[in-house]
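One structure is given here, and the rest of the page talks about it.
The values are calculated or read from the model by the stated rules, or taken from the named source; none is laboratory data. None of these values were measured; they are calculated from a predicted model. A quick note on method: Cβ atoms are made from the backbone with ideal geometry, for glycine too, and the neighbour counts reach across all protein chains shown. Just so you know, the surface numbers come from the protein's heavy atoms only, side chains and all, with ligands and any DNA or RNA stripped out. Shrake-Rupley method; radii C 1.70, N 1.55, O 1.52, S 1.80 Å.
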Amino acid sequence: MAAELANQKLEVVMVNEETRASKDFKAKNPCNKIPMLELDDGACIVFAGAISQHLARLGGNYGSSPFQEA
């Protein structure tokens, strides 16, 4: 929903335990948390709240004051 509000297209990838245990996945996501958003530059954001905030900022839907951000 946050991606839709920000007018961003996301590719959803289902990750199994084998993938989470791989060296490549751990290199991208050392804390091994799901969900994870991988950005175009290869940076990764974990935790749903952080991902939602990032998408809100991209879409111009993030408040201009601490009260609005809450």
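Quick notes
- Selected residue (criterion: farthest from GLU11 (Cα to Cα)) from residues of the stretch 22-41 that are more than 8 Å from the chain's Cα centre (by Cα) and in contact (Cβ under 8 Å) with a residue 12 or more places away in the chain: CYS31
- Any hit, the stretch 43-55, residues being on the phi < 0 side of the Ramachandran plot, of a type outside the set (Lys, Arg) and either more than 16 Å from the chain's Cα centre (by Cα) or in a loop (DSSP other than H, G, I, E, B) (or both): yes
- Residues of the stretch 1-52 that turn out to be touching a helix residue (DSSP H, G or I) at 6+ places or on another chain (Cβ under 9 Å), of a type in the set (S, T, N, Q) and open to solvent by less than 80 Å² (accessible area, probe 1.4 Å), as a count: 5
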